[in-house]
Amino acid sequence: YELMFAHLLFYGALIGVNAQKTAPRAVGPPVSRRTVLLQDAVVFLVTVVGAAIVCELVFDRLIYNGDEVAYTYQADVFARFRAYGQVPPCLSMFDNYWVFHVDGRRFAQYTPGWPLFMAPFTRLGVVWLAGPVMAGIAAVGIARLSRRCAVDLGATPAESSLIVLIAGPLGAVLAMLGPSMALNGSSRFT
């Protein structure tokens, strides 16, 4: 089903882009920047709180796979302002398939982007909150994209402005209610 929805989304985007090229623009009163920023703040806060609730009630703030262990390990290393960790004396006890040791250095196999984002949360002792905050950032991005796609949908200028105001929060809510976004936004596997 996810592949089917991805195809529908892709073809809908193609049709929408093509329709925008041929349709006359309905230029109306612009939506105020303050309204958009307020909407983005609400979308961010609601998404972070929702993902944090899922993180607390469903995941119990725990790590459930080796990828999350590797991300968390590397984030802890970065939070200590280091590029790699030391190999522990009893290596077999701390062995993980996604954390490697070479020449006395221990590091995760993944690129540093996500662990670098997680590092301040690790330093503050709230590493479980990194996923919900990233989900909030993604939701704001989706809301802004939804507003941009909805600019020319109204027949009159007033309808166009109303659609733009509705499209942002609606796009973010629909995207974040998807199972993969809800679960990944609530974990350290983002």
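The values are calculated or read from the model by the stated rules, or taken from the named source; none is laboratory data. All values derive from a computational prediction rather than experimental measurement. For neighbour counting, all protein chains shown are included, and Cβ atoms are generated from backbone atoms with ideal geometry for every residue, glycine included. The area values use the complete protein model at the heavy-atom level, side chains included, leaving out ligands, DNA and RNA. Shrake-Rupley method; radii C 1.70, N 1.55, O 1.52, S 1.80 Å.
Taken over region 101-115, the criterion of being open to solvent by 90 Å² or more (accessible area, probe 1.4 Å) and in a loop (DSSP other than H, G, I, E, B) is satisfied by Asp103, Thr111.
Checking each residue in region 174-190 for being among the hydrophobic types (A, V, I, L, M, F, W, C), open to solvent by less than 80 Å² (accessible area, probe 1.4 Å) and without any contact (Cβ under 8 Å) to a residue 40 or more places away in the chain picks out only Ala175.
Being within 21 Å of Arg123 (Cα to Cα) and in a loop (DSSP other than H, G, I, E, B) is a condition met by no residue of region 44-51.
Of all residues in region 63-100, those being outside any helix (DSSP H, G or I), modelled with pLDDT of 80 or more and within 19 Å of the chain's Cα centre (by Cα) number 0. Is region 122-130 home to any residue that is open to solvent by 40 Å² or more (accessible area, probe 1.4 Å), in a strand (DSSP E or B) and charged (D, E, K, R)? Checked against the condition, which is being open to solvent by 40 Å² or more (accessible area, probe 1.4 Å), in a strand (DSSP E or B) and charged (D, E, K, R), region 122-130 yields no hits at all. If you filter region 10-48 down to residues that are of a type in the set (Val, Ile, Thr) and at pLDDT 80 or above, you find that the one that is most open to solvent (accessible area, probe 1.4 Å) is Val46.
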